[in-house]
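What follows is a set of notes on a single structure, which appears directly below.
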Amino acid sequence: MYGGGNRRVLRRTLSVFLTVVLAISSYVRASPASAMCVASGEGTPATAVKVWTTAISTIYNIFPIKIGGVTIVSFSGLEDFSSVGNMPVCICTDPLPRIGIKVSLWEPIAFIETTKIPSCFPSLGMSVPLPSAQGQTGFGGQDEGPDDSANHHTYQVHWIKFPVFSVLELFLDFVCLEKGGVDLSYIAEVDPLWQNDVWASILNPEAILVSNPIAQMACMADSAAANLGFPLDFLWWCLGSWGSLYPFTKSYSQGSNLTAQMGVSVRMIAKLHRQMMLWGSVGEAGLCGMYPMPILRKSQYSLLPLHPVPNPVRVPIGRSEMIQWGSGKEAPLVNHHVYVNAVYRKRDCCAF
């Protein structure tokens with residue numbers, strides 16, 4: 001039995017809980033962005049079901065799989081590159097010395113949502129009440145809807161951790177796959193640094209070194225490499241045909257909606273690397289575990305468009321939308337306000 005004091009605490013707790021629920025419900029109904037999210041069809045359960053089922057049905061993008069340097073399974077259109085030496089055997093010393101075999105694959109690790117409608121989460125099928133950029137005094141500007149001009153885009157970005165194999169409880173004894181469950185890991189709307197180019201320089205001060213015509217001309221080589229295969233990692237400030245990696249903010253002034261949302265997605269990945277929320281997983285250094293990677297290695301990632309129009313195969317960073325993957329995704333009847341991509345990360349591992 002509860003004592004009188006316990007009953008009062010319980011009543012107060014329930015009262016606070018109900019107040020919070022009612023406040024959130026009121027905010028969702030009153031917010032223009034929330035109404036726009038629902039009216040556009042993005043903040044509905046049907047959209048979430050479409051995103052998740054598409055992500056699972058395209059899981060074949062993990063291929064090709066290499067064991068000991070030999071390609072075991074591969075499919076046409078799924079590209080790869082050599083990231084480790086030819087020696088099939090590897091040795092790790094942490095926590096105990098062990099000998100293993102090199103394994104390489106493309107691991108799906110997350111959804112990345114880019115939205116011109118703040119607080120709209122298509123992968124969750126809802127609009128979440130969040131502070132708008134207008135409420136972040138001194139940081140943001142107008143960001144209450146898709147009011148971009150033809151050559152300027154603004155996107156809020158959400159990082160949703162989605163380790164597919166762990167969620168489906170497949171291959172859980174395989175040490176090379178990421179563990180854990182679904183997690184809403186990063187929300188750009190509440191990050192002041194994402195809203196303003198000047199404040200973003202706190203994270204990317206090196207941008208001043210490449211803000212010149214000579215450095216930008218070098219990006220032509222990166223564009224050519226990305227369109228033929230994978231981008232050039234030593235040109236770390238370039239995004240191939242998608243423009244420039246800097247600044248790490250919501251504003252993007254190049255290309256179509258489709259190209260802009262891909263470029264903004266990579267900027268967020270680079271930002272998460274700079275904040276040490278994402279680590280390196282590729283190359284000889286990644287065989288025995290993840291390692292710090294404050295400067296993004298572009299070839300480590302590929303993006304797979306899931307919504308509004310899915311793509312059958314993942315896309316290397318910087319590849320032009322005119323080469324296969326952009327076809328039909330900017331059709332007149334397609335919603336250009338919200339996009340969802342699956343993030344695939346190259347994983348090199350010493351399996352034992």
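Computed from the C-beta positions of ALA224 and LEU96 and an R0 of 41 Å, the FRET efficiency is 0.35 to the nearest 0.05. Neighbour counts of C-beta atoms inside 10 Å place TRP194, TRP279 in the sequence TRP279, TRP194, starting with the fewest. Ranking of VAL128, VAL309 by neighbouring Cβ atoms within 10 Å, starting from the fewest: VAL309, VAL128.
Potential lengthening of the chain between GLU206 and PHE234 amounts to 8.6 nm, from the contour at 0.36 nm per residue minus the alpha-carbon distance. Checked against a 20 Å cut-off, the cross-linked pairs LYS66/LYS346; LYS50/LYS161; LYS250/LYS346; LYS179/LYS346; LYS116/LYS250; LYS179/LYS271 give Cα-Cα distances beyond that limit for LYS250/LYS346; LYS179/LYS271. In this rough spin-label picture, where each label sits 7 Å from Cα along the Cβ direction, the ILE214-VAL70 distance is 5.0 nm. Using a simple spin-label model with pseudo-atoms 7 Å out from Cα toward Cβ, SER327 and ASP183 lie 3.9 nm apart.
Given R0 = 35 Å, the distance between the Cβ atoms of ILE59 and HIS152 translates into a calculated FRET efficiency of 0.45. Binning all Cα-Cα separations of segment 199-251 at 5 Å, short to long from zero, yields these whole-percent fractions: 4, 22, 28, 22, 15, 7, 1, 0. Principal axis analysis of the Cα atoms in segment 221-296 yields extents of 40, 28, 17 Å, listed in decreasing size.
Remark: segment 223-352 is approximated by an ellipsoid whose semi-axes, taken from the C-alpha gyration tensor as √(5λ), come to 26, 16, 14 Å, largest first.
For THR44, THR93, THR154, THR58, the sequence from fewest to most other C-beta atoms within 10 Å is THR93, THR44, THR58, THR154. Summing Lys and Arg as +1 and Asp and Glu as -1 over all other residues whose Cβ lies under 12 Å from the Cβ of ARG347 gives a net charge of 0. Across segment 275-332, the fraction of Cα-Cα pairs farther apart than 19 Å, rounded to a whole number, is 45%.
Each Lys or Arg adds one and each Asp or Glu subtracts one; over the other residues with Cβ under 9 Å from the Cβ of PHE121, this totals -2.
Only the coordinates and a few stated rules stand behind these numbers; no lab work does. Everything numeric here is computed off the predicted structure, so don't read it as measured data. Because the Cβ atoms are built from the backbone with ideal geometry, glycine has one as well, and the counts that use them run over all protein chains shown.
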